[in-house]
Amino acid sequence: MPTQPNNSHLPFGDQRTAPWYGKDIISVKQFSREDLEYVFAVAHEMHDMVDHVGTFDLLKGKILANLFYEPSTRTSSSFTASMERLGGSVIPINEVKYSSVAKGESLPDTVRTLECYADVIVIRHPEVGSAAAAAKASRKPVINAGDGIGEHPTQALLDAFTIKEELGHVDGLTVTLLGDLKHGRTVHSLARLLSLYKVKLNYVAPDILRMPAELIEELKSKGVQQEEFTGLDKPLPATDVLYVTRVQKERFTDESVYESVKGAYVIDPKVMKAAKERMIVMHPLPRVGEIAVEFDDDPRAAYFRQMEYGLYVRMALLAMVLGKA
Ligand code: NCD
C-alpha cells in the first residue's frame, strides 16, 4: 500500500469558514483575480495529490448529484472523476429522459429532490438562467455546468488555468476566440474571466455568429482591448492563445443557416504556419471538423492537455464549496 504523503502544508482541512463554503458557482462574475489565484493554487495541489496517490479521502462520504439536461462527455465525466478521486460518490442523472423530468417534473422540484440526497448539485440545462433558478431552489451548493448560451464558468476557470500552466502567465497575452461566438457559452464566460487580466481579445466569427454586442460593451466598460474580424489571417500572427469553438448546431432553428457557416474555419498545419512557435491552440471540445486531426501532434495543440487541467480545477471547486479547501 502506498504511504500517505505528509500533506500538512496543503490548503486542505475542515474550513467551514472558508469563503467558498456552501456557495453556488453560477457565473464567472463571482470571481475576483484573487479568487482565481486561490482556485489555481488548490488545483495545483490537486494535481500533485493525483500524481502521488491517485485518489484520496478529502470528500469521503460526500455525494454529488450530476444533473445533465443536455449531452456531455467531458464536463459530466470530469465532475464524476473529480468527486471519486476525492473519495466522494456521485448520483449520475445524465439522461433526464429516464428520470421524473420525463414525467414533466419542474426543475425546482427535481433540485429539491436531489438536495435531500446530495451535498452538491452540478447542473447543465438548455435555458439561460436555469442554474441560477436551481440555486434559488436549493439549500445545497449548485454548480453551473452550462446554461444554454449563457455561461459555463467551470470551463472558463479550467481554460484560464490551462493558459497559466502552459504559458506561465495571462497578463500581456493576445487571446483570439474563433468560431461560434454568438452561441458559445464557453467563450462568453472566458472573455468575461479574462477581463480580470490585461489581455487583448480578438473575436473571429462569421457575421451572423459575432460575439454579442452587450458582452463587448460590458468588457469595453472595463477597459478591455477588443477587436472583431471575420477572417483569421490578420490576427493569427500576433496570437498567443487561439481558442477554437464548434458551431453550435443545436442552437439553430434553421438547419440551412447552420450548413452555411459550419465549415467557416478549419485550423490545420498549413494555417498554423502563420502562427507563433510559442503559442497554444485550445478548444473546449467536442470538435466537429474545425481543427484537423493532422494538427494534433503539434506541440502547440493544447486541447487534450486542457481536458486534464479540467479535472484538477473541478476537484478544487468541489473541495472549496464543500468547505475542504
Ligand atoms: C462545451 C459546452 O458544452 O458548452 N463543451 C464542454 O463543456 N467541454 C462546448 C461545446 O459543446 O461546443
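Nothing in this text is a laboratory measurement; each read-out follows from the coordinates by a stated rule. Because the structure is a prediction, the values reported are computed rather than measured. Cβ atoms come from the backbone with ideal geometry, glycine included; neighbour counts cover every protein chain shown.
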Please list the radius of gyration and Dmax for the stretch 81-232, considering alpha-carbon atoms only, with Å as the unit.
18.0, 51
Quick one: Karplus J couplings for the stretch 287-304, per residue in order, coefficients 6.51, -1.76, 1.60, θ = phi - 60°, nearest Hz, x for Gly and Pro?
9, 10, x, 7, 10, 5, 4, 4, 8, 4, 7, 5, x, 6, 6, 9, 5, 7
Convex hull volume per residue in cubic angstrom - Cα atoms of the stretch 196-325
157
Among His44, Leu64, Val96, the residue whose Cα sits farthest towards the positive end of the charge dipole of the stretch 21-113 (+1 at Cβ of Lys and Arg, -1 at Cβ of Asp and Glu, taken about the Cα centre) is Val96
Nearest 20 debye, what's the magnitude of the dipole of the stretch 192-241 about its Cα centre given +1 on Lys and Arg Cβ and -1 on Asp and Glu Cβ?
220
Projected onto the charge dipole of the stretch 167-325 (+1 at Lys/Arg Cβ, -1 at Asp/Glu Cβ, origin at the Cα centre), which of Leu181, His169, Ala301 gives the Cα projection farthest towards the positive end?
His169
Extension gain (nm, one decimal) between Ala137 and Arg210, 0.36 nm per residue minus Cα-Cα
22.9 nm
Normalized C-alpha radius of gyration of the chain, against 2.2 N^0.38 Å?
0.99
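Would you mind calculating the relative contact order of the chain from Cα pairs under 8 angstrom and at least 6 residues apart, reporting the percent as a whole number?
Working: 605 pairs, mean separation 70.9, N = 325.
So the answer I get is 22 percent.
In the stretch 83-129, what is the volume of the convex hull around the alpha carbon atoms, normalised per residue and reported in Å³? Could the numbers behind the result be given before it?
Working: hull volume 4.6 nm³, N = 47.
Dividing the Cα hull volume of the stretch 83-129 by its residues yields 99 Å³.
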On the Cα set of the stretch 153-255, report Rg and Dmax in Å, please.
13.1, 43
Long-range amide H partners of Ile280, meaning residues 5 or more apart or on another chain whose placed amide H is closer than 5 Å, are Val241, Leu242
Specify the angular offset, from 0 to 90 degrees and rounded to the nearest 10, of the alpha carbon long axis of helix 107-117 from the longest principal axis of the alpha carbons in the chain.
40
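Rounded to two decimals, what is Rg over Rh for the stretch 54-153 when you use alpha-carbon atoms and the Kirkwood radius?
Working: Rg = 12.9 Å, Rh = 13.5 Å.
With Rh from the inverse mean 1/r over Cα pairs, Rg/Rh is 0.95.
Which number do you get for Rg(Cα) / (2.2 N^0.38 Å) in the stretch 31-87?
Details: Rg = 13.2 Å, N = 57, 2.2 N^0.38 = 10.2 Å.
Expressed relative to 2.2 N^0.38 Å, the Cα Rg reads 1.29.
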Set Lys and Arg Cβ to +1 and Asp and Glu Cβ to -1, take the dipole of the stretch 227-302 about its Cα centre, and tell me which of Pro269, Met279, Val244 lies farthest positive.
Met279
Residue of Asp147, Asp48, Asp297 that the Gaussian network model of the chain assigns the largest fluctuation, springs spanning Cα pairs under 10 Å
Asp297
Stretched out fully, how many nm does the piece from Glu277 to Glu37 gain, at 0.36 nm a residue minus the Cα gap?
83.7 nm
Taking H as built 1.01 Å from N, whose amide H comes closer than 5 Å to the amide H of Gly88, not counting residues under 5 places away?
Leu59
Residue exposure sequence - His52, His44 - by fewest surrounding Cβ within 10 Å
His52, His44
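Given the pairs Lys200/Lys222; Lys29/Lys164; Lys136/Lys249; Lys198/Lys270, which span a C-alpha to C-alpha distance of over 24 angstrom in this model?
Values: Lys200/Lys222 12 Å; Lys29/Lys164 19 Å; Lys136/Lys249 30 Å; Lys198/Lys270 30 Å.
Distance filter (> 24 Å) returns Lys136/Lys249; Lys198/Lys270.
Grab the DSSP H runs of the chain that are 4 residues or longer, score each as -39,500 (n - 2.57), total them, divide by all residues and round the 222 nm result to the nearest 500 deg cm²/dmol. All intermediate terms of the calculation are to be shown ahead of the outcome.
Details: 9 runs with 111 residues, N = 325.
That calculation yields -10500 deg cm²/dmol at 222 nm.
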In degrees from 0 to 90, rounded to the nearest 10, what is the angle of the helix 74-85 Cα long axis to the longest principal axis of the chain?
30
